[in-house]
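Heads up: the structure comes next, in structure tokens.
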Amino acid sequence: MSGAGARDQLWGLCVRNIISQGLLWGSVGLSPGFGTRSCSQPVIRYRYPGSIAELLGVSSMVNAYSGRASSSNRLENSEHPDGVDLDAYYATLDDSGGHPAASFALETAEDFRNTYDSDNVVFSPQGRLHQVEYASEAVKQGSAVVGLRSKTHSILLALKRSLGELASYQQKMYRIDDHVGIAIAGLTSDARVLSNFMRQQAMSSRMVFNRPIPVNRLVSSIADKAQVNTQEYGRRPYGVGFLVIGQDKTGPHLYEFSPSGNSYEYYAMSIGARSQSAKTYLERHFETFVDCSLEDLIRHGLHALRETLQQDKELTIQNTSIGIVGPAGAHEKEVPSEGSFRILEGDSITVYLQSMVPKGTVDPDPEPASAAPAEGGEAPPPAAGTTADEDVQMADQ
Amino acid sequence: MDHFPSAWGRPRNDQNDMYNTYPIHQRPSSHTNTFTEGVQRTQQPIVTGTSVLAIQYKDGIMMAADNLASYGSLARFKDIQRLHPVGPSTVIGASGDMSDFQHLQHTLDALITDEFTQSDGEANALGPAEVHEYLSRVLYSRRSKMDPIWNALLVGGLQDGKRFLAYVDLLGTTYSAPSIATGYGAHIAIPLLRDVVDGHQDTLTEEDARQLLHDCMRVLYYRDARSLDKSNSFTASYSISLYQLATVTATGVSISDQIKLDTTWAFAEGLRGYGAQTQ
């Protein structure tokens, strides 16, 4: 460990020397060779902008070094290939309004990620903790989980993975207490440890105060626990994210917990592999969730979960599980009156899978029917959802 | 025969052979002697408070306790408040050892402060049922360590519009009833309280509740002795003629100023040996 640290410090010195020389000479390039990057061969591409015109030519470099800590920034850059984000450039100037700070010379944090990512306790120059971000990457490796809530219910839907034909499907949902349940994405072993801790907290509240633990406190307790692992030397962040649903005096709730130690409350959320597609679906429809019945809420959740599937896969009773907290739904039997957390798997979810609208017909931005039928009034295919009907503009005859 | 008087009356310690002159027999040091450790943990209450009364009435809970802390048979501290508000909707009253009650007050205040730092508003505030459960866990665990918190406590309040009144003591015993009292009040006042309150909690008005508790406190002042046979001094408890009333209603907890009891001792004049008789 100390060896790597010493090596990093050595490279730090080398980099600074090279930059100071670069300032005098113009551009310096060190090719890594072999097409791969490793800690031992950092690439420095540097230009000293003498004019705005030259700056425009290196706009992509400016955008890449924006000083903003969000990785989504890179997506924004790709949306504006021809534009220049001058704010980023101005942000790098020092207070005298003069030349950019020397660190601007470094192309992006990516090239020097390796220098700043070996320890949990080292910030990068952009103010990021790379180890914590890598832990979030572990969450993105897990299969997708979707959560959403209405006025009366909160639900979780999880896509279970199996290692092969012979293996069973990995359990994604855990019951923490009568009124709280979680779904996990990421390292299962870390999930077990954290869910055990949550269960202890919930039991303690019931024993000492004779009341079910308020859900926000339960989530805060694991968030604080996870934060410790992002700050103490030698500890690694938890590699698992949770979606937590629960109900307490203030109604049903949905929370997301991430390895960074952040927890937020959501109306709807998705984590895991290809969860962005699910989030897109949820963003379009979340305003209708508040007044949904349980069956409609589950249908929306299944549609969102379906978005995360790969090309030839579909939701089946084996690979889907649904967690519900709230009063009993129309298809449920023997649910306690308090609406305790329960997990539905296997045959009991057939009826919900059948309620899904076939794929391709639930499309909020359908294109106008360019191939309008010659006869007026020909109906669209019978399987189409009402959304498609309303948006289709029949061409004038 | 044990030749060493310093070991007489103490438990035998076989690690020392007392029939040899070497090593020289020594009194076992206190840090290794479990018997003396056990003695240290057994307690007796020193400065004590007497009964606490509490009833449920139409608008909530009413609790009464006088302002005396006795030092054995000496009426030592006459301005002690034995009623304590906890959070927005709970009041506790304590009889028994007053230093243990002060410790409980600090512990509960710290608990309320911790709850405040959670910053999740009134919906999750600790109500009387939670405070009572917490106290019963603490008291029972201390009793199980043979180191009791020597109090008998009444916990009362309003939670979601429902009245709550319960008892918890140094053994961890708990129970709940429309009218409860501790100490001498349990013997003298409970029959008077039950007659009026039990079954009529929803119709008993505040005025009637105040009057009932006032009458019971007066009876306790008369009967909860001022003069006692000295041989019974360790069971002595005393009242004084000043007490405080706490009420918990939908508007919150309020603890009154000291209320003076009106008493008549004129009958003593007619009794031989009492009063200012010359004969």
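Can we say A:R206 is open to solvent by 70 Å² or more (accessible area, probe 1.4 Å) and outside any helix (DSSP H, G or I)? Before you say what the answer is, go through the steps one by one.
Values: open to solvent by 70 Å² or more (accessible area, probe 1.4 Å): yes; outside any helix (DSSP H, G or I): no.
When the stated conditions are applied, A:R206 does not pass them.
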Please indicate, with yes or no, whether at least one residue in region A:327-337 is free of Cβ contacts under 8 Å to residues at least 60 places away in the same chain, in contact with a strand residue (DSSP E or B) (Cβ under 7 Å, 6 or more places away or on another chain) and among the hydrophobic types (A, V, I, L, M, F, W, C). yes
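Given the criteria of a type in the set (A, V, I, L, M), buried (at least 19 other Cβ atoms within 10 Å of the Cβ) and away from every other protein chain (no Cβ under 14 Å), does B:A177 qualify? Before the answer, list the steps.
Numbers: of a type in the set (A, V, I, L, M): yes; buried (at least 19 other Cβ atoms within 10 Å of the Cβ): no; away from every other protein chain (no Cβ under 14 Å): yes.
Judged against the criteria, B:A177 is not a match.
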For region A:112-145, name all the residues that are assigned to a helix (DSSP H, G or I) and over 26 Å from A:A273 (Cβ atoms). A:F112, A:T115, A:Y116
Just name the residue that is farthest from A:N120 (Cα to Cα) out of those in region A:133-158 that are open to solvent by less than 10 Å² (accessible area, probe 1.4 Å) and in contact with a helix residue (DSSP H, G or I) (Cβ under 7 Å, 6 or more places away or on another chain). A:S150
If you take the residues of region B:130-149 that are buried (at least 20 other Cβ atoms within 10 Å of the Cβ) and over 28 Å from A:T250 (Cβ atoms), which of them is farthest from the other protein chains (Cβ to nearest Cβ)? B:P148
Starting from region B:115-129, keep only residues that are facing chain A (nearest Cβ under 10 Å), then list their pairs with residues that are in a helix (DSSP H, G or I) and small (G, A, S) whose Cβ atoms are within a distance under 9 Å, requiring at least 6 positions of separation or different chains. B:Q118/A:S220; B:D120/A:S220
Please determine whether any residue of region B:82-92 is surrounded by fewer than 22 Cβ atoms within 10 Å (Cβ to Cβ), more than 14 Å from chain A (Cβ to nearest Cβ) and free of Cβ contacts under 8 Å to residues at least 40 places away in the same chain. yes
I'd like to check which strands (runs of 3 or more DSSP E) are fully inside region A:213-300 and have at least 2 residues that are open to solvent by less than 60 Å² (accessible area, probe 1.4 Å) and of a type in the set (A, V, I, L, M, F, W, C). A:240-248, A:251-257, A:268-271
Condition (residue is within 14 Å of chain B (Cβ to nearest Cβ), touching a residue at least 40 places away in the same chain (Cβ under 8 Å) and closer than 24 Å to A:A328 by Cα) applied to region A:213-234: is it met by at least one residue? yes
Taking region B:45-81 and keeping only residues that are of a type in the set (S, T, N, Q), assigned to a strand (DSSP E or B) and open to solvent by less than 10 Å² (accessible area, probe 1.4 Å), one is left with B:S70
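Only one of these is aromatic (F, W, Y) and touching an Asp or Glu at 6+ places or on another chain (Cβ under 8 Å): B:Y222, B:Y184, B:Y167. Name it. If you could, list the steps in order and put the result at the bottom.
Numbers: B:Y222 fails: touching an Asp or Glu at 6+ places or on another chain (Cβ under 8 Å); B:Y167 fails: touching an Asp or Glu at 6+ places or on another chain (Cβ under 8 Å).
So the residue among B:Y222, B:Y184, B:Y167 that is aromatic (F, W, Y) and touching an Asp or Glu at 6+ places or on another chain (Cβ under 8 Å) is B:Y184.
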Considering (1) farther than 20 Å from A:S150 by Cβ; (2) at pLDDT 90 or above, say which one A:P368 fails and leave the rest. (2)
Pull up region A:159-184, narrow it to residues that are surrounded by fewer than 23 Cβ atoms within 10 Å (Cβ to Cβ) and of a type in the set (K, R), then point me to the one that is nearest to A:S220 (Cα to Cα). A:R175
Being within 14 Å of chain B (Cβ to nearest Cβ), closer than 21 Å to A:R175 by Cβ and out of contact with any helix residue (DSSP H, G or I) (no Cβ under 8 Å at 6 or more places or on another chain) is the requirement here; does A:G323 meet it? no
Within region B:152-159, does at least one residue satisfy the condition of being over 16 Å from the mean Cα position of the chain (by Cα), open to solvent by 10 Å² or more (accessible area, probe 1.4 Å) and within 14 Å of chain A (Cβ to nearest Cβ)? yes
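The values are calculated or read from the model by the stated rules, or taken from the named source; none is laboratory data. Worth saying up front: this structure is predicted, and the values here are computed from it rather than measured. Backbone-built Cβ (ideal geometry, glycine too); neighbour counts: all protein chains shown. Note: areas computed on protein heavy atoms with side chains; ligands, DNA, RNA excluded. Shrake-Rupley method; radii C 1.70, N 1.55, O 1.52, S 1.80 Å.
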